[in-house]
Structures are given as structure tokens and as C-alpha cells.
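The values are calculated or read from the model by the stated rules, or taken from the named source; none is laboratory data. As the structure is a computational prediction, the values presented were derived from the model and not from experiment. As a convention, Cβ positions derive from the backbone with ideal geometry for all residues, glycine included, and neighbour counts pool all protein chains shown. Accessible surface areas use protein heavy atoms only, side chains included; no ligands, DNA or RNA. Shrake-Rupley method; radii C 1.70, N 1.55, O 1.52, S 1.80 Å.
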Amino acid sequence: MAGIQLKGVTKRWGDFVGVQEFDLDIADREFLVLLGPSGCGKTTTMRMIAGLEDPTDGDIVIGETRVNDLDPKDRDVAMVFQSYGLYPNMNVYENIRFPLKVRKVPEGEHDERVRRASAMVELDDFLHRKPAALSGGQRQRVALARAIVRTPKVFLMDEPLSNLDAKLRVSTRAQIKNLSHELKVTTIYVTHDQIEAMTLADRVVVMKQGVVQQVGTPTEIYDRPANTFVAGFIGSPAMNLMEGEVVDGTFHANGAEIPGFDGVKGSVICGFRAEDATVAEEGRGEVSAPVYSMELLGDSTMVTVRAGGALVAVKAPKDFRTEIKAAFSANVPASICHLFDAKTGERIG
Ligand SMILES: Nc1ncnc2c1ncn2[C@@H]1O[C@H](COP(=O)(O)OP(=O)(O)O)[C@@H](O)[C@H]1O
Ligand SMILES: [Mg+2]
């Protein structure tokens, strides 16, 4: 059991900064998710924690120990990768057992530990199969079992679900959540999928181009995004972001007039979530524009219009119907809006 501290952890290759001054205290047993688009430095951060990559600057502490100079095998971390990394000529049992052999765990303990780990990921019936005879989801579960078989101090998981199809991703995600609850081992989980981040994390770290944008619980990040990047990354659909001007406390943009922003003036970006807005009587809402598209989602109808230089979505009731180009109006009161500085993108207030 161990917490992790990152202190000014930086990775440069020549002039290129892969990860910039990453500072974070990760609590013992926390499930921390690193979230961001491809290339933002997630894998690099994880590889530095595992010891597969040396930081250019900064310190990494696991438990009480500064681990910068420790070999990967001496850090007591277990990694699960996107590409499962199984040994093709060993069966499931031997794959799961392998870390115990490498770490010279007494032979007498192997069988019980392999069976316990494989039971946790529901692989009991597949122990004699070779990886080639397994589905993608089963292979990823072998990789998970291989990580949990030796109860390390820290789990590192790098996009473990991204090779699975959509349905399997959802069920394996639930399994990882359940597993983390059972095992209570500090876990760092990397993904570019905001839904995975929101559903799994105790806290989420949103990254962009090597720089941490926000650290918070899923609720904090959803309710109070720190800037337009986070606002535009979290939620499905992501937050609507309209460009406009606040004059005399009213936000003005093409298709939008929203009073109630006293004390603000000048160019801003006004954000709101599709699910916070409601359909208004024609011409009565703060956002009014012709319909750009209508999508039937089953539990709701998503209506999109163009306002403030962007396409903005409004979640309407499931039986709501309209047509492209028809007039549409939505209630978007100031109380559901988030304001951001037009230049920096940082949250105002
Ligand atoms: N060995 C390397 N040499 C130079 N640049 C690298 C190296 N490894 C990764 N990078 C760059 O660092 C950035 C972050 O990469 P990575 O951590 O793999 O991103 P992510 O996992 O978030 O997709 C990318 O722009 C990538 O091209
Ligand atoms: Mg990566």
C-alpha cells in the first residue's frame, strides 16, 4: 500500500516538452485517472512512474521512497497495457503465474494465488487455453489477473480497454471498478475516453500538451471546468461554447441574449450543457435560432442550432419533434451558464 507524489516531474526530448512540471499527491488506495487527447503526455507520465522512462527533472516518490534511481522491478508497480503483452506459447495459467516466478515467490503459494486472481476476473474455466484461443476481452482479463496476482503497491493501467469493442468495454470497465474496490491498491489509469474517466476515477487529471489543466473529482470537473479545454472535453455531448460580448450585464451573440451577468463585461465565451437547457416557447428562450439538426437518441431528442459562432446542442424530451430550419428556442438562463475569458479560455468567477 502506498501513495505517490510527483514533484515537478518533467520530460523533455531536446526542445520538445512531453510532460511539464507535473505536481500531484496521489493518496494511498486512490483511483486516479489521467485523461486527455492523444499525445498529451499520459503514457510518458505513467512510464516515468513505472521507471521505463527517466524524468528530465523532478522527483517521483512511492510510499516513503524516492524512486527516481530505482529499476522498474524494484518499484513494486504492475502495469497493464493496451496491447495485452501476453506470452503466446504459455497458457492462461502460466501467463498469470509468470510474475510470481520472476519475483521468486515461494512455489507453494503459486497455485492458490493464480486461482484467486483468475477467479476475480472470471477466467477460472480458461486456465488451460493459449492466448490465441481467447477473445480480446478475455486476453485483457488475463493481463489484469497477471497484474493483480502479486498484489503490488501500485497498478498502472494504460488504456486497457481501448482494443475492446464498445459493449465489452462497458462490461470490462465495470469489472475494473469492482476489482479496484476489492483490491484497494493505488491505481493510475490512463485514458482518452472521458466516460471511462468519469465512471472509474476518484479524481481525474485532465492534461493537454504535457500540461495539467485541472485536477478534481469527476463531479468537480463536470460542474466547474477550469477552462474551455476541460469544458469541451468532458460530457457527452461536451459543453456548448458560444463566443460573444457582455454589455450592461447581458451576453449578446448571434442567436443568444442572456441577461444576468452583472459585473462582467467584454468578450467572453459562454458555456452551457445540453442537459441543463430546456425547450422554450417559440422566441421566448435566451437562445433562438433555426434548427440545424435533430437526433433521436431514444431517451431524449438532441436538437442542434447555430449560436455564438458554434453549433450548440439542447437536450429535449424524447417525444419532442422538429424539422431542419424550423424556428427553435431554448431556455438558457445565466444560472446554468459558465463564463470563460475569450483570450485565455480560463473560467471567470
Ligand atoms: N521517445 C520519444 N521521443 C520524442 N518524443 C516522444 C517520445 N515518446 C513520446 N514522445 C512525444 O511526447 C508526446 C506525449 O506522448 P505520450 O505520452 O505517448 O502521449 P499520450 O499517451 O497522452 O497519447 C507526444 O507528442 C509524443 O510524440
Ligand atoms: Mg498513450
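I need the shape label for region 155-228. Rule: rounded when a/c is under 1.5, else prolate if a/b > b/c, else oblate, with a, b, c from the alpha carbon gyration tensor. Cα axes put region 155-228 in the prolate bin.
With θ taken as phi - 60° and the Karplus curve 6.51 cos²θ - 1.76 cosθ + 1.60 applied, the whole-hertz 3J(HN,Hα) list for region 25-35 is 9, 9, 6, 3, 6, 6, 9, 9, 10, 8, 10 Hz, x standing for glycine and proline. Each Lys or Arg adds one and each Asp or Glu subtracts one; over the other residues with Cβ under 11 Å from the Cβ of T191, this totals -1. On a C-alpha basis, how far is the centre of region 252-282 from the centre of region 23-37 in Å? Whole number, if you could? Going from one Cα centre to the other spans 34 Å. Dividing the summed -39500 (n - 2.57) terms of all DSSP H runs of n ≥ 4 by the residue count of the chain sets its mean residue ellipticity at 222 nm at -7000 deg cm²/dmol. Placing a label point 7 Å from the Cα of A326 along the Cα-to-Cβ direction, the residues of region 286-310 whose backbone N falls under 14 Å of that point are 289-296, 301-305. Taking amide H as placed 1.01 Å from N in the peptide plane, V332 has its amide H under 5 Å from the amide H of E286, V287, each at least 5 places away in sequence or on another chain.
Each Cα pair under 8 Å and six or more residues apart adds its separation to the average, and for the chain the resulting relative contact order is 15 percent. Between S135, S180, S267, the Gaussian network model of the chain with springs among Cα atoms under 10 angstrom shows the greatest mean-square fluctuation at S135. Comparing D299, D57, D124 in a Gaussian network model of the chain, where Cα atoms under 10 Å apart are tied by springs, the biggest mean-square fluctuation is seen for D299. Taking the DSSP bridge list for the chain and keeping only pairs wholly inside it, about 75 percent are antiparallel.
Take every Cα-Cα distance within the chain, group them into 10 Å bins from 0 onward, and report for each bin the whole-number percent of pairs it holds. Per 10 Å bin, starting at zero, the Cα-Cα P(r) for the chain comes out as 5, 22, 25, 21, 15, 9, 3, 0 percent.
Protein heavy-atom surface of the chain, 1.4 angstrom probe: 48% of the accessible area is carbon and sulfur, with nucleic acids and ligands not counted. When the inverse distances between all different Cα atoms of region 15-167 are averaged and flipped, the Kirkwood radius reads 16.9 angstrom.
Name the GluC sites (Glu not before Pro) in region 255-342 that are in a loop by DSSP and that have at most 16 other C-beta atoms within 10 Å, would you? Answer by residue number: E275, E281, E282, E323.
Note on region 226-265: Rg/Rh from C-alpha atoms, Kirkwood Rh, equals 1.05.
Its alpha carbons give region 31-121 an Rg and a Dmax of 16.0, 45 Å. Across region 219-344, Cα-Cα distances exceeding 16 Å account for 58% of all pairs. Which links in K73/K153; K11/K177; K265/K343; K7/K42; K11/K208; K73/K130 stretch past 20 Å when you go from one Cα to the other? In this structure, K11/K177; K73/K130 lie more than 20 Å apart at Cα. Taking all Cα pairs closer than 8 Å and separated by 6 or more residues, the relative contact order of region 241-341 comes to 33 percent. With a cut-off of 14 Å between beta carbons, the residues surrounding G8 carry a summed charge of -1, where Lys and Arg count +1 and Asp and Glu -1.
Averaging Cα coordinates gives a centre for region 70-131 and one for region 44-66; these two points are 24 Å apart. Amide hydrogen proximity for Y292: with H placed 1.01 Å from N in the peptide plane, the residues at 5 or more positions away or on another chain lying under 5 Å are T304, V305, R306, K325. Can you give the relative contact order of region 161-261 as a percent, counting alpha carbon pairs under 8 Å and 6+ residues apart? Relative contact order of region 161-261: 12 percent.
Among the trypsin sites (Lys or Arg not before Pro) found in region 281-335, those both in a DSSP coil and sparsely packed, with 12 or fewer other Cβ atoms within 10 Å of their Cβ, are R284, K318, R321, K325. Residues whose amide H comes within less than 5 Å of that of Q214, counting only those at least five positions distant or on another chain, are V206 (H built at 1.01 Å from N in the peptide plane).
Across region 229-241, computed HN-Hα scalar couplings (Karplus, 6.51 cos²θ - 1.76 cosθ + 1.60, θ = phi - 60°) run 5, 5, 4, x, 9, 9, x, 9, x, 5, 4, 5, 10 Hz from first to last residue, x flagging Gly and Pro. With protein chains left intact and a 1.4 Å probe, residues in the chain average 48 Å² of accessible area per residue.
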